[in-house]
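Rule-based calculations on the coordinates, nothing more; no lab input. Not measured: the values here are computed from a predicted model. Note that we place each Cβ from the backbone using ideal geometry, even for glycine, and neighbour counts take in every protein chain shown.
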Amino acid sequence: MVRLGIRHLLIAACLAPHAVTAQIPAGRGERGERGGADDSALVVIGHAGLPADSVTRAQLRRIFLARQRFWPGGLRIQAVNLPAATAVRERFSRAALGRGSRELAGYWADLYFHGTQPPPVLASERAVLLFVERTPGAVGYLRAAALAALLPARVKRLLVLPP
């Protein structure tokens, strides 16, 4: 079972939309008008204080498979997922990790017995945005349309995964 602090869960579940305050800087590869990316694309976001301004798909894969645990400079990576049953999580898993959520279940089952747990799961895209905004080292993903609806926020746009 993945443990996530009560504080983070309460922050993600209870904060009002006006608590999010600054604009998201543009990253590479955005298209369309709303939110700087095609609304059906997935946007990988990171905490505003990250030492990196972008990530490659290879880095993203290492991060979400718990093979890379620290950012350059030593800051601990705090990756978060959406629930496995959601279409957004499935799209992300296939686009970034090359496997679907069901296929990854076996991967995590093997690692669990070696003491490695998968990234925590947050209930909504809003919860992911709030967690990433408030947690140094955090990285997550959401739909470009959801990001546009939740603007403004103090996060970095690290990568856009096309639809």
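Got a sec? How would D53, D39, D110 order by Cβ neighbour count within 10 Å, fewest to most?
D110, D53, D39
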Expected vector for segment 121-131, Karplus 3J(HN,Hα) from phi with 6.51, -1.76, 1.60 and θ = phi - 60°, integer Hz, x for Gly and Pro, equals 10, 10, 6, 8, 5, 4, 5, 4, 4, 5, 5
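Test of understanding: ordering R57, R134, R102 by Cβ neighbours within 10 Å, fewest first, what list do you get?
So the residues, fewest neighbours to most, are R102, R57, R134.
Quick one: E125, E90, E133, fewest Cβ neighbours within 10 Å first, how do they rank?
E90, E125, E133
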Any idea what the relative contact order of segment 75-137 is, in percent, if you count C-alpha pairs under 8 Å spaced at least 6 apart? 49 percent
Please give the contour-minus-distance gain from A105 to T86: 0.36 nm per residue of separation, less the Cα-Cα distance, rounded to one decimal in nm. 5.4 nm
Can you tell me how segment 34-104 classifies by the Cα gyration tensor, rounded, prolate or oblate, using a/c under 1.5 as the rounded cut? oblate
Positive-end extreme of charge dipole, segment 72-163 - chosen from A127, W108, V155 (charges on Cβ): V155
Apply the Karplus parameterisation 6.51 cos²θ - 1.76 cosθ + 1.60, with θ equal to phi minus 60°, to every residue of segment 94-107 and state each ³J(HN,Hα) to the nearest whole Hz, in sequence, with x for glycine and proline. 5, 6, 9, 9, x, 9, x, 4, 5, 5, 6, 4, x, 4
